[in-house]
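Each remark here refers to the structure printed beneath this line.
The values are calculated or read from the model by the stated rules, or taken from the named source; none is laboratory data. Please read these numbers as outputs of a predicted model, since none were measured by experiment. Please note: Cβ atoms are built from the backbone with ideal geometry, for glycine as well, and neighbour counts cover all protein chains shown.
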Amino acid sequence: MRVSLNWLKEYVNLDGISVEDLAHRMTMLGLEIEAIEEPGAEIQQVYVGEILSIEPHPDADKIVVCKTNTGGPEALQICCGAKNMKVGDKVPTAIVGATLPGGFAIGRRKMRGIESEGMMCSGKELGLGDDHAGLLILPPDFPVGADAKPLLGLDDVIFEIEVTPNRGDWASMIGVARELAAYYNRPLSIPATPLNESAEAITGLTSVCIENPELCGRYLGRVMKNVQVGPSPQWLQSRLQAAGQRPINNVVDITNFVLLETGHPLHGFDYDLLAEHRIVVRAAKAGEKITTLDGQERPLATDMLVIADGAKTQCVAGIMGGSHSEVSENTTTVFLESAWFNPASVRKTSRALQLISESSQRFQRGADPEMAVYALERAAALMQEICGATVARGAIDQHPLPLPRKQVTLRHARCNALLGTPIDAEEQKDVLVRLGFSILVEDAASCTFHVPPRRHDVSMETDLIEEIARFHGYDRMDVSLPAVRPSAHVFAPQYQPERALRHFLIAQGLTEVFHWTFCNAQDAEKAGLAPALRDMVALENPLSEKQGTMRSSLLPGLLNHAAYNLNRGAASLAVFEVGPVYAPVWKNDLPTQELHLGMLLHGPSNGTHWSGAAKSYDFYDLKGLLEATLSHLGVDATFEPSTAGTFQPGQNASIVVGKQIVGTFGKVHLAVAKAFDIDPNLYLLELALDSLLSQAKPHGQFSAIPTFPPSKRDMAVVVDEAVPAGALAVAARAAGGSLLKSVELFDIYRSEGLGAGKKSVALNLSFQADDKTLTDNDTQKQWDKILKKLQTDYQATLR
Amino acid sequence: MKAALEALESGALDEIAGIDDLKILEESRVKYLGRNGQVTGILRGLATVSAEERPAMGQAANRVKQAIADALDAKKDTLEAAAFEKQTTAEAVDLSLPGRRPRPGHAHLIPQVADEIVDIFRELGFQVATGPDIETEYYNFDALNTPADHPARDSHDTFFVKPGVVLRTHTSPVQMRVMEKVQPPVAVVVPGRVYRVDYDASHSPMFYQFEGLLVDEGVSFADLKGTLMHFLERYFGPGHKVRFRPHFFPFTEPSAEVDISCTMCKGAGCRVCKHSGWLEVLGCGMVHPEVFKHANYDYEKYSGFAFGMGVDRLAMLRHAISSIGHLYENDLRFLEQF
Ligand SMILES: [Zn+2]
């Protein structure tokens, strides 16, 4: 909302308060200032000039040469391209040395050989609206030679204010003025509304029938005859322009002005176009339609409140009028409506019609049924003054459902306890009284107030405490640190292990990525996700198709990440993501959410260095990171061949913990790499973390450091290619007895000598006893058992 | 025998003087002083010498042994020094060549900053709580004093999964989930993803929030001020002015927005702060009685405060990041800066 300081000063005396102090105070009262504008700040030396003569330019068709009196000793000769002025007109005139908005300086210059000593201005050149068609013709009563800036309201300051949704009563000039008057303890002056009512009573001219009082608690109206529609006076236009509105005609301008002034929306109907000249406030009928002022035809539903005449709907109540009964240049009699509509109903209708207006925004925040009365009187008085209207005697005031007057009790001690700041009981009461609350009963400890009807936001004690806090000033409130008593309940047991895991992975040289959690069917398919994972939680109103679902897997995001960064010249990728995935498996009204870990490796693992060639990431780099991660988590897992569609067959594994598959990893499938347009030498992993993180890791127990030396022996055996090398290590461990402390697979060897389809696998076996140094004989016995096991189970032969 | 000793000594010393190789020097030590060496042989021969001559001869033999040993040691030192000299020349490095750097991983800025904020509040006694990204409208709105016809629910910025189920628009629903589990005291902070239908240079449809809730007997607005001023000083460092000003949130009252003096212009006014000198960094307030009612907390007995802030915004302000897009594009050239 744009609040003009000049306008504000009509309602409250702000003398002695600088613009800076005022802005600070408004901010500290909760009137958030988004910007402060001084539209005429740069305008200097622009005066009211009177055109004395207009002569053609000898050498230019489109330019005329004027003599203009700006109050100086001699009239100025000014060349001008405008056409809309005549001799005797008064226009804003910038003399030599003047400046205009944008820092534009006026100098003496020649136009086609003729000297020009200044410039006569259009409205746009002064920052007043967009009218660039011709000069701004000033009212004839503006004194020649006077500074045009204050006369045009250009000495103003505009505060751009954001009104919070709870304070509908602030959304007007009087609303802001009332707050400042209360704070500075100065009187609020509301303009008087003198009316010379005609003898003709309104009761003979029209009637109002409210069929739905729960949606329309109050309806007021006046009839104005002999209305002369025309342009508004300069002061009214200036006010509207300062508020950012375009003047239209005096009738419309007056309703807009009163809306800005009082915050109360009015609607003017062309009385002669209302069937039977009467008003019916009712719900729309099934199948009814209306063409609104914006020219759109809109179907109405039966839960929408409308204003109808004796025949049909003329207005969507509180939102927008219909074009049929719109006030036009031909209007002579106006029926003026001022009403109170149910906020929830206006909001619902506005939403359903996707129609938001100044009026609907105010009604849905809750209007003031008292202000409805003043707004109507104010508009009638202005129409009488400006449009020459004859006001019919009396007003209609149907008030079927007065809002209950709220009473709220404030306990002074409670206020101080909640604010943690001692505020005197007298100060507490004083703030509320200044804000228009009236005291009903009081004692030393408490005070009960009547709440003014405009304050829809106040219904309980806390609401009063907030008022006291605002006026006392948040900046003057005490500061203390609470003695926090932590809760014994642990709310997020996974938080710390998850954080430790992330830092473990970062310490392994992986960079953390953090993606939007959206996905889409196409990416899921491109990534080769299983059909179950392509069934995702969908959004009803996504930002775009690309963010149409909630991700079921981290893999599509990681593949897009690879494409994004490889396209931008990244040489290698080593990243991980820890984040949620979702599935449309509903439990307790919500879809399932799980925490997953994703990893992505590609390109040189050690960067390039002058000392040697780079090594590229491969399957075993990823598997090693996975093994280290599992070990960090304290989890034992096995790996099994998988057929997951994301990965290349043969480099495609499931991660199995217990009997549960908790993840997959491998080299990206060529088809997936092609679909994402990336290099296929890329390794991906996804692991479900929830069950792994929630398995409380037991506290590590110390085991004694061995006193006796280990005995290390190698064993190389030849087996069929089909035998997994890892199986030999597992078998060795099983057969080695308690003396075997570790088995390390340290070499795989193939040669012609071994024969086709054969490989040699070398194990390093480490034996150790807790109570003695092992003899060769002790070791040999175990070594023989292991060999026998490998021979029996895998037809291994000693190499 | 004396003559033999003298010949041995001079021969050995001459020989040692001529050696320029550590290996040959070692052979020479064996030759003279080894178990079967020449000096050892002579010392063994002392047994055959008469008893009167034995002390003198023994003394002489030992002196020769010592002289040869000294010469060997001295020569060893010389040769080792020369060898080391040669090695240093051969192994001298080019200091200008780059080292072999380990490639450190980087924490993404959002969780990194969130962790930091968690730590600041954990020091004060708060603990972490979390909740689901996909929420019921009840927890996201109704339980937070924002019923269906509430003006604050007007903004069309909520992603819907189906009627009654939304992507949470703030982390505040976790307040109610926590309060439903336990009676006061409650002191939790809630980091988490939140979602709004909004996308431009300063808005992302998914962003990251940080929520806090303290409920106990006697918690006051002064406590709220103190807690957040402490936090802001820890996060932004000393020397920033902090301003609490009234605002409106349905689930707190009194409510406030908190500004700090602009991190760019130090309050003088610039484009980042829209020439106001202030930057809004968080919203907060005293927990609304209606929220306590939903949680079955006794409003007369307990009071509390809640606050919420955008981790994205806090990160962008402190690290001078111009567009929120950088945080979610995951361009490695961005990620590796932090
Ligand atoms: Zn700034």
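Within the stretch A:11-25, identify whether any single residue is surrounded by fewer than 18 Cβ atoms within 10 Å (Cβ to Cβ), of a type in the set (D, E), without any contact (Cβ under 8 Å) to a residue 40 or more places away in the chain and within 14 Å of another protein chain (Cβ to nearest Cβ), and answer yes or no.
Scanning the stretch A:11-25, I find at least one residue that is surrounded by fewer than 18 Cβ atoms within 10 Å (Cβ to Cβ), of a type in the set (D, E), without any contact (Cβ under 8 Å) to a residue 40 or more places away in the chain and within 14 Å of another protein chain (Cβ to nearest Cβ), so the answer is yes.
Out of curiosity, is A:P233 closer than 22 Å to A:N6 by Cα, assigned by TED's automatic domain parsing to the domain that holds A:A381 and either in contact with a Gly (Cβ under 6 Å, 6 or more places away or on another chain) or in contact (Cβ under 8 Å) with a residue 40 or more places away in the chain (or both)?
When the stated conditions are applied, A:P233 passes them.
Which one of these is hydroxyl-bearing (S, T, Y), within 35 Å of the chain's Cα centre (by Cα) and surrounded by 15 or more Cβ atoms within 10 Å (Cβ to Cβ): A:T390, A:T409, A:T421?
Testing whether each residue is hydroxyl-bearing (S, T, Y), within 35 Å of the chain's Cα centre (by Cα) and surrounded by 15 or more Cβ atoms within 10 Å (Cβ to Cβ) leaves just A:T421.
Looking at the structure I just gave you, is A:A583 under 25 Å from B:L332 (Cα atoms) and surrounded by fewer than 23 Cβ atoms within 10 Å (Cβ to Cβ)?
no
Scanning the stretch B:272-285 for residues that are near the ligand (Cβ under 8 Å from one of its atoms) and in contact with a Gly (Cβ under 6 Å, 6 or more places away or on another chain), which turns out farthest from the other protein chains (Cβ to nearest Cβ)?
B:G277
Determine whether B:D259 is at pLDDT 95 or above, assigned to a loop (DSSP other than H, G, I, E, B) and either within 34 Å of the chain's Cα centre (by Cα) or more than 7 Å from the ligand (Cβ to nearest atom) (or both).
no
Under 7 Å by Cβ, and 6 or more places apart or on different chains, what pairs join a residue from the stretch A:399-418 that is more than 12 Å from chain B (Cβ to nearest Cβ) and touching a residue at least 60 places away in the same chain (Cβ under 8 Å) with one that is surrounded by 15 or more Cβ atoms within 10 Å (Cβ to Cβ) and in a loop (DSSP other than H, G, I, E, B)?
A:P400/A:P213; A:L401/A:P213; A:L403/A:P453
Tell me the strands (runs of 3 or more DSSP E) entirely within the stretch A:19-74 that contain at least 1 residues that are farther than 30 Å from A:E467 by Cβ and assigned by TED's automatic domain parsing to the domain that holds A:G134.
Qualifying strands (runs of 3 or more DSSP E): A:44-57, A:60-69.
What residue, of B:F210, B:F244, is in contact with a strand residue (DSSP E or B) (Cβ under 9 Å, 6 or more places away or on another chain), within 9 Å of chain A (Cβ to nearest Cβ) and away from the ligand (no atom under 16 Å from the Cβ)?
None of the other options fit; the residue is B:F244.
Among (1) within 30 Å of A:K225 (Cβ to Cβ); (2) in contact with a Leu (Cβ under 9 Å, 6 or more places away or on another chain); (3) at pLDDT 95 or above, where does A:P369 come up short?
If we test A:P369 against (1) within 30 Å of A:K225 (Cβ to Cβ); (2) in contact with a Leu (Cβ under 9 Å, 6 or more places away or on another chain); (3) at pLDDT 95 or above, just (3) comes out false.
Pick out the one residue from B:L144, B:L109, B:L97, B:L124 that is aliphatic (A, V, I, L, M), within 14 Å of chain A (Cβ to nearest Cβ) and within 30 Å of B:D157 (Cα to Cα).
After applying the criteria, what remains is B:L109.
Mind listing whichever residues of the stretch A:494-520 are facing chain B (nearest Cβ under 7 Å) and in contact with a Ser or Thr (Cβ under 6 Å, 6 or more places away or on another chain)?
Of everything in the stretch A:494-520, nothing turns out to be facing chain B (nearest Cβ under 7 Å) and in contact with a Ser or Thr (Cβ under 6 Å, 6 or more places away or on another chain).
Looking at A:R454, A:R470, which is the one that is within 8 Å of chain B (Cβ to nearest Cβ) and among the basic types (K, R)?
The unique qualifying residue is A:R470.
What tally of residues in the stretch A:600-615 results from selecting those that are exposed (fewer than 15 other Cβ atoms within 10 Å of the Cβ) and away from chain B (no Cβ under 11 Å)?
The total comes to 3.
Can you find a residue in the stretch A:64-78 that is at pLDDT 90 or above and within 21 Å of A:S238 (Cα to Cα)?
no
Which one of the conditions (1) within 16 Å of the ligand (Cβ to nearest atom); (2) touching a Cys at 6+ places or on another chain (Cβ under 6 Å) does B:G269 fail to meet, given that it meets all the rest?
Of (1) within 16 Å of the ligand (Cβ to nearest atom); (2) touching a Cys at 6+ places or on another chain (Cβ under 6 Å), only one is false for B:G269: (2).
Could you count how many residues in the stretch B:286-330 are part of a helix (DSSP H, G or I), within 16 Å of the ligand (Cβ to nearest atom) and surrounded by fewer than 19 Cβ atoms within 10 Å (Cβ to Cβ)?
Of the residues in that region, 2 qualify.
Against the condition closer than 24 Å to A:F257 by Cα and either in the same structural domain as A:Q384 (by TED's automatic domain parsing) or in contact with a Ser or Thr (Cβ under 8 Å, 6 or more places away or on another chain) (or both), how does A:E297 come out, does it pass?
Against the criterion (closer than 24 Å to A:F257 by Cα and either in the same structural domain as A:Q384 (by TED's automatic domain parsing) or in contact with a Ser or Thr (Cβ under 8 Å, 6 or more places away or on another chain) (or both)), A:E297 does not qualify.
Residues in the stretch B:265-282: is at least one of a type in the set (A, V, I, L, M, F, W, C) and within 24 Å of B:A143 (Cβ to Cβ)?
Within the stretch B:265-282, one or more residues are of a type in the set (A, V, I, L, M, F, W, C) and within 24 Å of B:A143 (Cβ to Cβ).
Right, A:V441: in contact with a Phe, Trp or Tyr (Cβ under 6 Å, 6 or more places away or on another chain), more than 11 Å from chain B (Cβ to nearest Cβ) and either under 24 Å from B:A222 (Cα atoms) or at pLDDT 95 or above (or both) or not?
no
List every residue pair whose Cβ atoms lie under 6 Å apart, where the two residues are 6 or more positions apart in sequence or sit on different chains, the first residue falls within the stretch B:262-273 and is within 16 Å of B:S202 (Cβ to Cβ) and in a loop (DSSP other than H, G, I, E, B), and the second residue, located anywhere, is more than 6 Å from the ligand (Cβ to nearest atom) and among the hydrophobic types (A, V, I, L, M, F, W, C).
B:C262/B:L279; B:T263/B:L317; B:C273/B:L279
Being more than 7 Å from every other protein chain (Cβ to nearest Cβ), farther than 20 Å from A:N541 by Cα and not polar (S, T, N, Q) narrows it down to one of B:G192, B:G226, B:G164, so name that one.
Criteria check complete, one pass: B:G192.
Give the stretch A:539-550 a look and list any residue that's buried (at least 16 other Cβ atoms within 10 Å of the Cβ) and either on the phi > 0 side of the Ramachandran plot or at the interface with chain B (Cβ under 9 Å from one of its Cβ atoms) (or both), or say none.
A:L539, A:P542, A:L543, A:Q547, A:M550
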